[in-house]
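What follows is one structure encoded as C-alpha cells, with my remarks underneath.
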Amino acid sequence: NAGVMQNPRHLVRRRGQEARLRCSPMKGHSHVYWYRQLPEEGLKFMVYLQKENIIDESGMPKERFSAEFPKEGPSILRIQQVVRGDSAAYFCASSPAGTLGNYGYTFGSGTRLTVV
Amino acid sequence: AQTVTQSQPEMSVQEAETVTLSCTYDTSESNYYLFWYKQPPSRQMILVIRQEAYKQQNATENRFSVNFQKAAKSFSLKISDSQLGDTAMYFCAFMFPASQNFVFGPGTRLSVLP
C-alpha cells in the first residue's frame, strides 16, 4: 500500500497562473481532506470531500480556491490566479468511511507551492 | 473559537535526557480527541500519541507520554530518553468526532543535541 500520494512534491507558479495539486488517497479510503501550512505555522483545515461530494468547505478561501474528488481519479485542489500569499505547503489526508477520530487517517507528504 | 496554543516555539534537549512540550487548548465541547504529531524535515506528518478526552488515564507510547489535565485544558507531551531522530516540529491538535478535521497548534521545534 503506497499511502497517500501527492504530486507534484514541489510546484512553482508565477503570479496570476493556476496551480493544480493532486492527491490519490490510500486504497480503500473514500474520504479526503486538504490542509494548508503557511511557513512556521501549523496545518489549517481547508476542505473535506467524499467521492463527488464536498462535505465541509468551511476552511476554504471564498475566491480562487476549489476542490473536487471525482468518482474516478485523484482529488484536485485548484488555485486560480495565484498570489504570493498562496505560497505554502498543501497537505492531503485520507480516511476510510465510518472512521471516528483519526483512526485510519493518513497524511501525504505535501506539495510545496512557491509563487514567484 | 476553537484554538490550540503551544507557548514554546523552540526547544532543545541533550540526547538521552527528558523534555516536556506544553500545549493548551480552548473548546466548550466535552467530547473530543487530542493528539501530538511529529513533522520531521521530510514534511511527513507522523502520529506520536492519541488521547480520548473521556479517558482519565494518560496515554503512553514507548518513550512518549502525555499529561492530560481536562479541567485546565492542558495536554503536554513528555519525551524520555531523547534520541537524535526525535528532532522535528511537534504539533498539538484536537478533533471533534463529528467534524473529522484537526485543529492544530503552531508547533514547537525540538532539537535533540548529541
How well do other chains shield peptide A:38-49, expressed as the mean number of their Cβ atoms within 10 Å of each residue Cβ?
4
Quick check on packing: order B:3-12, B:99-108 by the mean number of other C-beta atoms within 10 Å, highest mean leading.
B:99-108, B:3-12
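Partner chain Cβ atoms within 10 Å, averaged over the residues of B:102-109 - can you pull that number for me? Mind dumping the intermediate values first?
Details: counts 10, 4, 7, 3, 3, 5, 0, 1.
Per residue, the average neighbour count from other chains is 4.
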Eligible lysines near A:K27 by straight Cα distance, threshold 23 Å, same-chain separation 8 or greater
A:K51, A:K71
Note: chain B, point scatterers on Cα, Debye, no solvent; log10 I/I(0) at q = 0.12, 0.15, 0.19, 0.21 Å⁻¹ equals -0.39, -0.60, -0.96, -1.15
Can you list the aspartates and glutamates whose alpha carbon is less than 17 Å from that of B:K73, not counting same-chain residues fewer than 8 positions off?
B:D26, B:E29, B:E52
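At 1.4 Å probe radius, can you tell me the per residue accessible area of chain B in Å²? Don't skip to the answer; put the middle values down first.
Values: 5370 Å² over 114 residues.
Per-residue accessible area for chain B comes out at 47 Å².
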Might you tell me the accessible area per residue for segment A:43-113, computed with a 1.4 Å probe and given in Å²?
46 Å²
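For the peptides A:36-43, A:6-13, what is the packing order when you average, over each peptide's residues, the other Cβ atoms within 10 Å and list the highest mean first?
A:36-43, A:6-13
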Hey, any idea what % of the protein assembly as shown's accessible area is carbon plus sulfur with a 1.4 Å probe?
48 percent
Rounded to the nearest 100 Å², what is the buried accessible area between B and A, both sides summed, probe 1.4 Å?
1900 Å²
Ignoring solvent entirely, what values of log10 I(q)/I(0) come out of the Debye formula for the protein assembly as shown at 0.12, 0.17 Å⁻¹ when each Cα is a single scatterer?
-0.67, -1.26
Can you find, among B:F102, B:N62, B:Y37, the residue sitting farthest towards the positive end of the charge dipole of chain B, where Lys and Arg contribute +1 and Asp and Glu -1 at Cβ?
B:F102
Positive end of the charge dipole of chain A (Lys, Arg +1 and Asp, Glu -1 on Cβ, about the Cα centre): tell me which of A:A2, A:T114, A:N102 has its Cα farthest that way.
A:T114
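The values are calculated or read from the model by the stated rules, or taken from the named source; none is laboratory data. Only a predicted model underlies this, so the values are computations on that prediction, with no experimental measurement involved. For neighbour counting, all protein chains shown are included, and Cβ atoms are generated from backbone atoms with ideal geometry for every residue, glycine included. All accessible areas refer to the heavy atoms of the entire protein, side chains included, with ligands and DNA or RNA removed. Shrake-Rupley method; radii C 1.70, N 1.55, O 1.52, S 1.80 Å.
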